[in-house]
Every structure is written in C-alpha cells, then in structure tokens.
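The values are calculated or read from the model by the stated rules, or taken from the named source; none is laboratory data. Keep in mind that what you see is a predicted model, and the values were worked out from it rather than measured. Every residue, glycine among them, receives a Cβ derived from its backbone with ideal geometry; neighbour counts consider all protein chains shown. Note: accessible area is taken over every heavy atom of the protein model, side chains too, but ligands, DNA and RNA are not part of it. Shrake-Rupley method; radii C 1.70, N 1.55, O 1.52, S 1.80 Å.
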Amino acid sequence: MRIGVDLGGTKIEAIALDGEGRVLWRRRVPTPRGDYDATLEAIVGLVRALESEVGAHGTVGMGIPGTLSPATGLVKNANSTWLLGRPLDRDLAERLGRPVRLANDANCLALSEATDGAGAGAAVVFGVILGTGCGGGIAVGGRILAGANAIAGEWGHNPLPWPDEGERPGPPCWCGKRGCIETWVSGPGLSRDHAEATGESATAREIVARAEAGDAAAEAAVDRYERRLARALAGVVNVLDPDVVVLGGGLSLVRRLYDHVPKLWHHWIFSDRVVTRLAPAVHGDSSGGRGAAWLW
Ligand SMILES: [Zn+2]
C-alpha cells in the first residue's frame, strides 16, 4: 500500500492506493495554519487512522507547497511559511517510524497526471497548481524532474511576461519581489485585481460565478486573468515545450480556461503551430495526494 499526503495551505488530504492505483482510503482535515507541531500531529493522525481502518502498513510520500533544500535538508520556498526552515521529512519519519519522501506539491501533481491522468503517455508534462499560490512542476518520461536546486518548474516567482500597461512593477509578493506570476494568477491574485478595478472584495470563486452570470466587471477580471495565464504559460512553453500542461488547484475548475487560454497563448509562443494541450487534472484535487503516493 502507498500512502500519499497532500499538505496544502488550507487542507491536508491523505490517500491510500493499492498496487493498481485504486483508492483504498481518503480523508481530509483542515491545515492547522501557522502551527508546525499541530501540522505534524494532524499528518500523523491521518496516517494512523488510515492504517488502522485499512488494516495495512504503507509507504508514505508527501507533497508540500515548497520543497526541501538540497543544501540544508530544510523546507524552503513554502508560502505556508510556518514550514520554512523545518526538517519536515525527518520530523515525520521519526514520528511515523519509517522514511518519508517529500516533494513539491506541483511536482506531485505532474507525476500523478503523467502516471495515469491527463498526461499519461506524454513525454513531458508541466503541472500547475492555481490555488492560494501558484506552483509548477515537471515530469519527464513519467518521473519528476527535480532539478539541481529542487526548483525545476517553479515559474510562479518569475515576473509576469510581456506586461501590459499598469502591470509594472506589479503587486508585492510574499517572496520579497514584486509582480511575480503568483501575484496575478493565484486565487488571491484574481481577487486583488478585481478589487482594484471595482472596489469590491470577492473571492476568486465568486468572481468566476459572477462572470458566468453575466456581470461585466467580473467578466473583465476573468478576461484579464486568462490573458495573464496565457502569457505566463507561453513563457514556460518557450523554455520546456511540454506535450501537456495540466492544471490543478481551485482555479483549475474554471472550464473556460481550457478553451480560452490556448486561443491566446499562441500570440507569445515562438512557434508557427502550437500542439501543446492544456487540460484539467483528471484526478482533480486528489492528484497531489496520488502523486505523493507515487513517490514510492
Ligand atoms: Zn514571488
């Protein structure tokens, strides 16, 4: 049995897969935001409950919003900042009595979808999580490409390319820079952009629902969002040239993206024709947990 834990900014999901990738067990709990020890306890509690209810012992892989620094072995680059500088894999291994493999959550998404999802059989898959943050990960030949600094695919903290008037220098980002792609294409990024244009506060989900209902200001905000996402992904395609770009995270549920963004991105992709597909994660928000399980 393979156990995968997806540690997100708002929820922790544990999933157990059998040898054929069938889901044996799945449960979700809220993330104890800001509290490292409580986060460890929540993960250990999920794994213990899972093993007791399934009646089997499993390997444990985990996806996190960030990664382990190859230089220090400590968590870096996490927008869940209470994880930063912690030896998360070792702390969990000690509590669970077995080694724990840890990878970036977008890498887990890319691995899951390359294994048996929207990128099955594809040579190169770029996985993107559009949620509270904006992560990216790469699977090549069905395996994660981690990179020398363990940041391969992390394009969310590059600047938004081909900026329009009013997009420079861009909003401040938690990473210390301004105008990062994440500040535009994350859920909070869409909210902020809409609020600046209208003076109204609304969540990304509310803005998308209002656009669908014909609200002109919300429609304009989603249009701006699509154009930004198209530019951000065009920059990736120009470097990596993936077969498939798979979207996960809350904003991946916005169906119009899969129609509109590929109609826009060819403006910036350096190619006469673009065959790269843009697809939602087949395994939805379980893809992170599934990819974590596939780390073993
Ligand atoms: Zn940033």
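If both residues of a DSSP beta bridge must be in the chain, then about 60% of such bridges are antiparallel.
Across the chain, the longest piece that holds none of the trypsin sites (Lys or Arg not before Pro) lying in DSSP loops with up to 14 other C-beta atoms within 10 Å covers 34-254.
Take the chain with all the other protein chains still there, run a 1.4 Å probe, and you get 44 Å² of accessible area per residue. Charged neighbours of Gly291, selected by a Cβ distance under 15 Å, balance to -1 (K, R count +1; D, E count -1).
Other residues within the sphere of radius under 10 Å centred on the Cβ of Thr115, judged by their own Cβ, net out at 0 (K and R +1, D and E -1).
Taking a Cβ cut-off of under 13 Å around Glu53, the surrounding Lys, Arg, Asp and Glu residues balance to a net charge of +2, with basic ones at +1 and acidic ones at -1.
What a 1.4 Å probe finds exposed on the range 37-191 is 53% carbon and sulfur by accessible area, rounded to a whole percent. Can you list which of the GluC sites (Glu not before Pro) found in the range 1-59 are DSSP loop residues with at most 12 other C-beta atoms within 10 Å? Sites meeting the loop and neighbour criteria: Glu20. Among Ala218, Ala38, Ala148, the largest mean-square fluctuation in a Gaussian network model of the chain, built with springs joining Cα atoms closer than 10 Å, belongs to Ala148.
A Stokes-Einstein calculation at 20 °C with viscosity 1.002 mPa s, built on the Kirkwood radius of the range 122-168 over Cα pairs, returns a diffusion coefficient of 176 µm²/s.
With both residues required to sit in the range 1-151, DSSP beta bridges show an antiparallel share near 70%. Legend: translational diffusion of the chain by Stokes-Einstein, Rh = Kirkwood radius over C-alpha pairs, 25 °C, 0.890 mPa s; D = 127 µm²/s.
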